[in-house]
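The values are calculated or read from the model by the stated rules, or taken from the named source; none is laboratory data. This one's a predicted model, so the numbers in the text were calculated from it and none came from an experiment. Methodologically, a virtual Cβ is constructed for each residue, glycine included, from the backbone with ideal geometry; neighbour enumeration extends over all protein chains shown. To get the accessible areas, we keep the full protein, side chains included, count just its heavy atoms, and leave off ligands, DNA and RNA. Shrake-Rupley method; radii C 1.70, N 1.55, O 1.52, S 1.80 Å.
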Amino acid sequence: MSFLANVRRIFSFSSLSFFFVLLTIFVLPLLYIPTLRSAWDLPKEVALYLSLSIIFVLTLFEIVKTKKIVQKQTVFDKPFLLLLVLGFFSTLFSKNISLSFWGAADTFVLHFFALFLFVAWSWIVIQKVESEKLFRRALFIFFLSGIFANLF
């Protein structure tokens, strides 16, 4: 493999989106450390939403570049869909529909939008981790984040 081909493989949209998956796996647990919670008054959903948006855009660029859509069927697809449908109906039958759908900025209330973000994040991680090697990398980054969290 030539140097230029190796550089193109490293800087492909697929590897860049997986890098953002790993970055999110590393950063999100650090945002929930109690000492950082008061220092950064940022809704943690915003970080997840930003990460999902970047990964989604990179995936769209990858689809345009390769001219094909790859979506793996997993055993989690139907349970994820069922969870979203039940969460949506739970929101519809709530006393405060707005709070149940969008949540509150000052305190965390489990709401449909957060549930959608969590399910979308889980689905993207399942789609992007394509081999045992990538799974080991993701697991290593997660444990590395735990080590950094313990240092705080």
In whole percent, the fraction of accessible protein surface over the range 46-152 that belongs to carbon or sulfur atoms, probe radius 1.4 Å, stands at 74
Rounded to one decimal in nm, the spacing of the 7 Å Cα→Cβ label points at V70 and S131 is 1.1
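So, with +1 on the Cβ of K and R and -1 on the Cβ of D and E, and no other charges, what is the size of the charge dipole of the range 49-97 about its Cα centre, to the nearest 20 debye? Don't skip to the end; give the middle numbers.
Numbers: 6 positive and 2 negative charges, 27 e Å.
Here the size comes out at about 120 debye.
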Cα-Cα longer than 30 Å, checked against K72/K95; K44/K128; K44/K72, kept in input order, equals K72/K95
For A104 and F142, extending 7 Å from Cα along the Cα-Cβ vector and measuring point to point gives, in nm, a value of 3.1
Taking alpha-carbon centroids only, the range 111-152 lies from the range 71-92 a number of Å equal to 19
